[in-house]
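The block underneath contains the structure these notes are about, expressed in structure tokens.
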Amino acid sequence: MRSNQISTKYNPLKVEKKWYNYWMRKKFFKSVPDARQPYSVVIPPPNVTGVLHMGHILNNTIQDILVRRSRMLGKNVCLVPGTDHASIATEAKIIAKLSKEGICKNDLTREQFLEYAWNWTRKYKKIILEQLKKIGISCDWDRTCFTMDKQRSKSVIKVFIHLYKKKMIYRSFRMINWDPVAKTAISNEEVIYKEQSGKLYYIKYKIVGENNYATIATTRPETIFGDTAVCINPNDKKNEYLKGKKVVVPFVNREIPVIEDDYVESEFGTGCLKITPAHDINDYILSKKYGLGILNIFNDDATLNKYGLQYEGKDRFFVRTEIEKDLNALGLIKEVKVYKNKIGFSERTNVPIEPRLSVQWFLAMKKLAKPALEAVMTDKIQFHPSRFKNIYRHWMENIKDWNISRQLWWGHRIPAYFLPEGDFVVAETQKKALVLARKKTGNSGLQLSDLQQDESSLDTWFSSWLWPIVVFNGINKPNNKEINYYYPTSDLVTAPDIIFFWVARMIISGYELRQKPCFHNVYFTGIVRDKLGNKMSKSLGNSPEPLDLINHYGADSVRLGLMLSSSIGNDIFFNEICCEQGRNFNNKMWNVFRLLKGWQVADTEQPESSTISILWFRTQLSLTIRRMNYSFSKYRISEALMNIYKLFKDDFSSWYLEIIKPKYGQSMDRKTYEVTLDFFDSLLRLFHPFIPFITEELWQFLKIRKENESIMFSTIPKVNFSENWLITEKMEEAKEIISNIRAVRLKKNISNKEKIVLQIIGSYKLDYASVIINMANLSDIEMVEKRPNGAVFFLVKTTEYAVAIRRNIYTKEDLDKLKNTLQYYRDFLSHIQVKLNNKNFVSKAPVKIIEFEKKKKIDAESRIKSLEKIITSLNNG
RNA sequence: GGGCAUUUAGCUCAGUUGGUUCAGAGUAUCUGCCUUACAAGCAGAGGGUCGACGGUUCGAAUCCGCCAAUGCCCACCA
């Protein structure tokens, strides 16, 4: 193959498609338990709400890097893909879609709605899985799961029953967060608090039997219909006049008592608080404490019910503005202040949540949390970066019972069956429920039709929290070979915003259901943001379509670009330029391949410069492998990538290849050629986890490969213990000389093509002359007694040398520069001298450091001497 | 109100055990090159009181304290 017949531009699309198909066809991602060490990862199942965004690309790239590397380290890798039904989020999407078609959820039966939901799910599941494949992710696709497929659903119900039997799941009448748009309860974690600018209304309640008023301060005047008391602090002097009195609620004219409790802060507002037990958690607590009545004034869509009198059927916010007017008309508003407070919004529908009393299902968390907390605090499960431990601990130590029921249709229906008398039984199926019910009631005449299944569904996280177990069918068959082999899984890669929703609960379920951690490491990615720092999301429309990026740059380029700009735990500010950088790099790799393939090989002698650079590069390679191993052990993936990236671009391409490259028309010696191919092979293998496609392509064509061979199953190169530091040091010196000579060429307008002579004053032995001659395009290096005519001098370490050419290129500017350099070294020397004269330094610093300072001193002295000599010489010339 | 994190070149960020890769990378900028692998490239250059102040230390970008700005998490002040 002649190199010039291959395109100079790498075309990723064809290549990526070809190799992904090849890997799939050969079932290279497949994993079955065997004698090797397992390395299992479950991907965070994307929601079937829509297509993937940049966060998914980042997340899945990281996972794929980790698993591909582990595969190449000889482990039995199993990466399990799947999707999440995302109960509330998907249901909201479907309702939105239906409403566009003029269909209202209430017009449909549960079954009809679910049919829509399944169609939706099928559609997006397919798109999502295809997108994942485009990224190059090496999942065992035969294992693809869905949180609501048969096996998973069965597992979820089993777990529910298990926890119910242990009395950890219970049904209770409580104040919960109510989403009035989705018309469902949601958990505390689904409430997002945002600061809002609102008003604080000072409303006068007439004191019974007096011509005086109590003034209460509230942000929610529309709730006065639900007031059952007014509360003051018992030590509040200014409100003492209210003690033991009764006041009248405006409009309703209900008489309510004034009670006293420490909870009220005298300094806030008027120090007088209205108690609305049905719509505020604190008021509810007080009402229970003092035996006050509870009045629910809202319908489930947050319009007022009949207790709202003339406002019945009106929305809460509309009523708020109306009631302000109406109270004003009655002269009952003392004042209205602008007030900022935090209001809870529903994560999904983004409407203010309404605290509401309701019967829901809860999971008791305190006991469950204990082993899960301990596991993370003792690093049995390691968080990367570790600072997330604190966040986790705080949540776990203050954990509240989890409201797991939702008034939604799309999800796992709660397996509770109500009997005609209101009692209920919990069972896996309706048939089993009937058996239980007959037994419980003693009524053998009960029929299936007498049982009414709970209408609610389970929180979507109640299925995803079982993910690492259920993907291996560990609930239905707790002792199957797969779960015993793959569980605990190795790493979890996820975004920190679902640490409570998902990560913490998975750890909890892992200990409860399998008495083991569900994974060993958790890697928290950053959040992908746009240039302005906004989180990239579909709704904001600031996220590029990942497929467009992949089609434009290639998956390897997108992967590379993302990883180069994302350090662990930090948010990444995505800029498409990074994909360009990735593409450019891949193109470089492609061209290295073209170069290698274009060489003519002959049995000639190896040039000295090649011998040297091979030894040098071998050390650099080994050093890089060590650094990468270290970085990976700390999960610093970008750092690992940066190491190999620089090695490839700088050391390998710019130096090594340029040194060994034969001149035009000449052949390369076989020995160097073989070694170079091996180097390239190693580089490809080190790169493979990051950029799987191009590395496979080049690796396959670098040498003749066997049938069924793939770089996927080659090994990560090992550290070479014959690292040679002396060569590295000398090579660095040679590189510096070469760079200096190049700089002189540029400055003095000497063409790179023109061969020049390097002259060295004195008897200094220059190492690696052959490399310098080659790379700086010298015709010769000469040793001279004194300054050659018109040459410019530079210093490298203790060497003094000159670039001498036929023209006079010396100027006053050059001399000034040398003088400045001299001054720099004189200052430097005196600085070291002060340090060495410091008794404290000499007595306290380690010997090694003192020796180093002395060495620096000698070096500086030598440079000063040389510079003085050269400057004198120049002045005389 | 409590907690966590961030602040280093115009921009985006590395910098592990205090000294020996210590002030670094990518990108942008400027200069010169269409050099037989690559212009999606090569070579070279400029650019930073390491947020402020104080402390510990022989020695601080690094450790401690305090302050400032920014971001995130948690929390029932109506």
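Here, each number is a calculation from the coordinates, and none is a lab measurement. Because the structure is a prediction, the values reported are computed rather than measured. Here the Cβ positions follow ideal geometry from the backbone for every residue, glycine too, while neighbour counts run over all protein chains shown.
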- [ ] Take the alpha carbon atoms of the stretch A:638-685, find their center, do the same for the stretch A:141-155, and report the distance between the two centers in whole angstrom.
- [x] 47 Å
Open item on the list: If N is the number of residues in the stretch A:75-127, what value comes out of its Cα radius of gyration divided by 2.2 N^0.38 Å?
Closed with: 1.48
TODO: Provide the packing ranking of A:291-300, A:561-570, i.e. peptides ordered by the mean count of other C-beta atoms within 10 Å per residue, highest first.
DONE: A:561-570, A:291-300
Task: Three principal axis lengths of the stretch A:302-407 [C-alpha, angstrom, descending] - done: 65, 33, 23
Task: Distance cut-off 28 Å, percentage of C-alpha pairs in the stretch A:1-149 lying past it - done: 36 percent
- [ ] For the stretch A:342-464, build the charge dipole from Cβ charges (+1 Lys, Arg; -1 Asp, Glu) around the Cα centre, then report which of A:451, A:352, A:378 sits farthest towards its positive end.
- [x] A:378
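Calculate, in whole percent, how much of the Cα-Cα pair population of the stretch A:548-610 lies beyond 13 Å. Present the calculation step by step, with values, prior to reporting the outcome.
Working: 1349 of 1953 pairs.
Looking at the stretch A:548-610, the distances longer than 13 Å represent 69 percent of pairs.
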- [ ] Starting from the Cα of residue A:765, draw a straight line to each of the aspartates and glutamates and keep only those under 13 Å, dropping any in the same chain fewer than 8 residues away.
- [x] A:733, A:782, A:800
Open item on the list: Quick check: Cα centre of the stretch A:467-527 to Cα centre of the stretch A:404-444, how many Å?
Closed with: 29 Å
- [ ] Report the one residue of A:744, A:321, A:866 whose Cα lies farthest in the direction of the positive end of the charge dipole of chain A (charges on C-beta: Lys and Arg +1, Asp and Glu -1; origin at the Cα centre).
- [x] A:866
Open item on the list: What number results when the radius of gyration of chain A, computed over Cα atoms, is divided by 2.2 N^0.38 Å?
Closed with: 1.29
Open item on the list: To make sure I understand the rule: partners must be aspartates and glutamates, Cα under 17 Å from the Cα of residue A:844, and not fewer than 8 residues away in the same chain. Which ones qualify?
Closed with: A:853
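What size of dipole, in debye to the nearest 20, comes out for the stretch A:151-272 about its Cα centre when the only charges are +1 on Lys and Arg C-beta atoms and -1 on Asp and Glu C-beta atoms? Don't jump to the answer; show the numbers that get you there.
Values: 20 positive and 15 negative charges, 203 e Å.
Here the stretch A:151-272 has a charge dipole of around 980 debye.
Rounded, prolate or oblate: pick one for the stretch A:664-721, where a ≥ b ≥ c are the square roots of the eigenvalues of its C-alpha gyration tensor, a/c under 1.5 means rounded, and failing that, prolate if a/b is larger than b/c, else oblate. Present the calculation step by step, with values, prior to reporting the outcome.
On the way: a/c = 2.01, a/b = 1.50, b/c = 1.35.
Because a/c hits 1.5 or more and a/b exceeds b/c, the stretch A:664-721 counts as prolate.
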- [ ] Calculate I(q)/I(0) for the stretch A:222-332 by the Debye formula, one identical point scatterer on each C-alpha and no solvent, and give its log10 at q = 0.19 Å⁻¹ to two decimals.
- [x] -1.02
Open item on the list: Run lengths n ≥ 4 of DSSP H only: what is the helix-derived mean residue ellipticity at 222 nm for chain A, with -39500 (n - 2.57) per run over all residues, to the nearest 500?
Closed with: -13500 deg cm²/dmol
TODO: Could you work out the equivalent-ellipsoid semi-axes for the stretch A:96-246, taking the square root of 5 times each eigenvalue of the Cα gyration tensor, largest first, in whole Å?
DONE: 52, 22, 18
Task: Hydrodynamic radius (Kirkwood) for the stretch A:476-633, which is based on Cα pairs only, to one decimal in Å - done: 20.3 Å
Open item on the list: Starting from 0.36 nm per residue, how many nanometres of slack lie between residue A:859 and residue A:390 once their C-alpha separation is accounted for?
Closed with: 163.9 nm
Task: the stretch A:185-265: Cα Rg divided by the 2.2 N^0.38 Å rule of thumb - done: 1.29
- [ ] Report ³J(HN,Hα) in whole Hz for each residue of the stretch A:477-492, in order, from the Karplus equation J = 6.51 cos²θ - 1.76 cosθ + 1.60 where θ = phi - 60°; Gly and Pro get x.
- [x] 10, x, 10, 6, 4, 5, 5, 5, 8, 8, 9, x, 6, 7, 10, 10
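Ranking A:118, A:502, A:725, A:461 by Cβ neighbours within 10 Å, fewest first, what do you get?
Lowest count first: A:725, A:118, A:502, A:461.
Could you order the peptides A:833-842, A:205-214, A:242-251 from most to least packed, using the average number of other C-beta atoms within 10 Å per residue?
Details: A:833-842: 11.4, A:205-214: 15.1, A:242-251: 17.9.
Ranking the peptides A:833-842, A:205-214, A:242-251 by packing returns A:242-251, A:205-214, A:833-842.
Is there a quick way to get the dipole size of chain A? I mean about its Cα centre, with the Cβ of Lys and Arg at +1 and of Asp and Glu at -1; what is the value in debye to the nearest 20? Working shown, then result.
On the way: 135 positive and 97 negative charges, 332 e Å.
For chain A, the charge dipole is close to 1600 debye.
Nearest 5 percent is fine: what portion of the DSSP beta bridges confined to the stretch A:458-574 is antiparallel?
Details: 1 of 8 bridges.
Approximately 10 percent, going by the DSSP bridge assignments.
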- [ ] Take the alpha-carbon centre of the stretch A:549-585, take the same for the stretch A:711-760, and report the distance between them in whole Å.
- [x] 29 Å
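If the viscosity is 1.567 mPa s and the temperature 4 °C, what Stokes-Einstein diffusion coefficient in µm²/s follows for the stretch A:402-485 when Rh is the Kirkwood radius over Cα pairs? Can you show the working numbers first?
Numbers: Rh = 14.6 Å.
Estimated via Stokes-Einstein, D reaches 89 µm²/s.
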TODO: Work through the residues other than residue A:18 whose Cβ is under 14 Å from its Cβ and net out their charges, Lys, Arg +1 and Asp, Glu -1.
DONE: +2
Task: Kirkwood hydrodynamic radius of the stretch A:566-672, from inverse mean 1/r over distinct Cα pairs, in Å - done: 15.9 Å
Open item on the list: Charges at C-beta only: +1 for Lys and Arg, -1 for Asp and Glu. How large is the resulting dipole of the stretch A:613-670 about its Cα centre, in Debye rounded to 20?
Closed with: 140 debye
